[in-house]
Each structure stands twice: as C-alpha cells, then as structure tokens.
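The values are calculated or read from the model by the stated rules, or taken from the named source; none is laboratory data. On a predicted model such as this, the values are computed, not experimentally measured, just so you know. Backbone-built Cβ (ideal geometry, glycine too); neighbour counts: all protein chains shown. Accessible surface areas use protein heavy atoms only, side chains included; no ligands, DNA or RNA. Shrake-Rupley method; radii C 1.70, N 1.55, O 1.52, S 1.80 Å.
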Amino acid sequence: MQVRNGQAKEIEIRLDPHGGIGGRCSRCRRRAPGYDRLSERRWQFVPLWGISTYFYYAPRRVECAEHGVVVEHIPWSEGKRPVTSAMMGFLARWGRRLSWRETAQVFQTSWEAVYRSVEWIVQWGLAHRQLQGVESIGVDEIHWGRGLKADNFLTVIYQIDQHCRRLLWIGKRRSEATLKRGLKALGPELVQGLRFVCSDMWRPYLKVIAAQAGQALHVLDRFHITLHLNQAVDQVRRAESSRLRKAGKEKAQRLKNLRWTLLRRGSRVRGRARQKLAALVTSKLATARAWQLKESFSHFWTYRSLVWAKAFLDYWCSRAMRSRLEPLQKVAKMLRSHEELLLNWFRAKGEISNGVVEGLNNKIRVVTRRSYGLRTYNAMEIALYHNLGRLPEPESTHRFC
Ligand SMILES: [Zn+2]
C-alpha cells in the first residue's frame, strides 16, 4: 500500500505465476512451453475501500506450436489495455448511470479509460447479441450537434416489437446509402424476416424500405404525422404574427406566447391557456383555422374501419386544400401521396403501439444531452448502443455494482 501524508494513496497487488503451471497461448488458449518473461506492467483494478488498486505482473511469453512466440493468456486482461476487464465492466456499468466524466472522477481514472471500457463492452455485446425474431423495426432520423449540415443527422434503426425494444443500428447522415448500410449490417436474414417497418415520410427511407423489405407492411406512424402538422401550424402562426405586428394591429397580442399551447393536444390545454385558445378560435385568424385543422386530424387515428378512415382522410385533405393555408396544403398533399402507407396503420392495428419510436427518440436525446462530453461521433455512437442497445455483457467473476 502506498501512503502519502497519512492517506492511503494506492493499493499495489503484485502477482507471480504459479511455478508448476505453464502459460497458455493468448490466441488459442492452449498450453505452451515458456519462452521468456517481459518486464512488469500494471493494470488498474476496481478500487477497494475507495482506494485506487493496481495489479503488477510481468507477463511470460510462450512458444505456441501454432502461433509462435506470443504473450501468455492473462485472465484479468484484454489485449494491451492497462485496465483489468473487471474494472472495464465496472466503469462501463457506472457509465450508464453517471456521465463518463463523473464516472472518471468518482473512480479516480481518466475519461479515456471510461470511454475505452464502454467501447470494449459494447463491441463484445454487438458481437454476441441475438438478432433472431426481430419482426418490427422503426427507422428514424435524429438531429445531432449544431447546424443543419448532412453530418448533423443520424439514421437510427430500432426494434419495436412488443417483447423487445432496443436500438439496433446507428449511422451518420440520413441518405439512401446510410439506410442501405444499416440494413446490410443487420443482415439479409433479419431484413427478409420483417413484418412491419415504421418510418417517417422521408423519401430516401421510403425508397430503400420498398426495395429491400417489400414483404413488410410499411407504416407511417402517428408521431411523425403529428410532427408535420405541428410544424405547419407553427409556420402559419409565425407568418401571421409578423404580418400583424407590421400592421400594428392589437390582434397580434392574441398570438403572443401561444406557441407551445398550439402544439399541445387541445384536450390537454388547461387554465388560462385554455381561455386564450378559446379566444383565438373565435378570432377567425389564420392561426386559429390552422389549429382547428390540426386538431380535427387526430380523429383519423380513432377509426376502426379502413373504409371510414380513408373517407375521413379524403375529407380532411380537401378541407385543408381549400383552407388557403399553404403549410397545411403542403401537409395534405404529402398525406395524399402517401395514402396507402398511412392506411397501413389500420392494417397493422394492434401490432405497433403508438409511442414506441417517440419514446426511443426521447431516450436518445437524454443520452446525448447527459453525455455532454461526447464530442466525437464515435463516442456518442458507443454511448447510445450502451444505453439503448440492450446488449449482452461478458460474464464477469466480479460484480461490484
Ligand atoms: Zn496458440
């Protein structure tokens, strides 16, 4: 034990090979005759009683019949890493509860060591995960970092089956090439076994899904349609509000601070916001009409019969087209041109629950926000697999947390 100023600084554990037992080849794990001994190395172990703990050991080299002169197999170590596998598992588990920086601080190690530990466990998990039985996937784009460059978007593929919801794949950009890469990584067996695919109306995704998973029912889900409707209402509100302000009309007051109220579902608006909304509805402002159109669309999802749902869609779209509200006309056009995919929602009824994709997207946001220190794409990708991939972990003899 190293002590400085009366405080325990470090525990050193020195290890020696058993005299009677020879080393094993680190590549094939078979016994092999000894060759020589390397100089001493150290590995960080899980802190004991809150004190940094290190293993010290001079590895032997063995001469394997098949692999030649190699370093012996060391049971607590993985390759050339300076951290024991027990410590890597320990850091990785804490790295899920705390940010990586906090984990490093609490356990007296570096951010880099936490990163490498999570990376190791994620790579192991990806290599050992089971992909059988995946029937439904959700494909989505998420925004990352600042700006709207192509590199600021990521494509994610989720499994959204009732029994298992997890992140399956993540890749840079949101092009056709990205999704093709993702589906390739998951393998043709998985893609051909799909029954449902859920996505937004993003053209590159639609194209790739139609070409590669044509047997699956492709569903446009409620979450994304609502997003488009909300954006349209917000565009109408912003345009109208600046128009009124220029004209100096007091009506502009009516639109103040209404942004979030308008985006919520009408039945969930309470109190003063509700009064303001009621006043707006009677005002005949364009924003009011846009909001009413958006609200009435929610009726679509309640139908049980495909025929009636289709009739409602036709009715709603023609109302929107007559509304003279350009953003809503745009949405109506988009819905019309994807009518079949929209109606697939009813064909898949009961198989895909409503908020799955939205829920997973929210979790992604939590991880990317908490892991503020994840400056590089690679670190973020690893953090996301680690938190949302439900990956298996290597068996460890030590479980410290
Ligand atoms: Zn060997």
Residue-ordered couplings for the range 296-310, obtained by feeding phi - 60° into the Karplus form 6.51 cos²θ - 1.76 cosθ + 1.60 and rounding to whole Hz (Gly and Pro as x), are 5, 5, 4, 4, 3, 6, 8, 5, 9, 9, 4, 4, 5, 4, 5
Extending each Cα 7 Å along its Cβ direction at ARG245 and GLU189, get the distance between those two points in nm, one decimal.
5.9
Per residue accessible area in Å² of the chain, where ligands, DNA and RNA are left out and the probe is 1.4 Å:
55
What part of the accessible area of the chain, given as a whole %, is carbon or sulfur when the probe is 1.4 angstrom?
50
Helix-only estimate, please: 222 nm mean residue ellipticity of the chain, summing -39500 (n - 2.57) across DSSP H runs of length 4 or more and dividing by its residues, to the nearest 500.
-14000 deg cm²/dmol
Could you tell me the accessible area of THR109 in Å² (1.4 Å probe, neighbours in place), rounded to the nearest ten?
30
What distance in nm separates the two pseudo spin-label positions at HIS163 and ALA58, each 7 Å out from Cα along the beta-carbon direction?
5.5
Please give me the summed charge of the neighbours of TRP202: other residues whose Cβ is under 13 Å from its Cβ, Lys and Arg +1, Asp and Glu -1.
-1
Once all protein chains are kept in place, GLU240 shows an accessible area at probe 1.4 Å, nearest 10 Å², of 10
Heavy-atom accessible area of HIS143, protein chains in place, probe 1.4 angstrom, given in Å² to nearest 10, is 90
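Grab the beta carbon distance between ASP314 and ARG203, set R0 = 25 Å, and tell me the FRET efficiency rounded to 0.05.
0.60
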Spin-label point model (7 Å from Cα, Cβ direction): what's the LEU126 to ASN378 distance in nm?
1.1
I need the shape label for the range 83-158. Rule: rounded when a/c is under 1.5, else prolate if a/b > b/c, else oblate, with a, b, c from the alpha carbon gyration tensor.
oblate
Please identify every one of the trypsin sites (Lys or Arg not before Pro) in the range 89-158 that sits in a loop by DSSP and has no more than 11 other beta carbons within 10 Å of its own beta carbon.
ARG146, LYS149
On average over all directions, what projected area in square nanometres does the chain have, based on the convex hull of its Cα atoms?
28.4
Quote to one decimal, in nm, the extra length available between GLN105 and GLN329 on full extension: 0.36 nm per residue of separation minus the C-alpha distance between them.
75.2 nm
In the chain, what percentage of the DSSP-assigned beta bridges are antiparallel, given to the nearest 5?
70
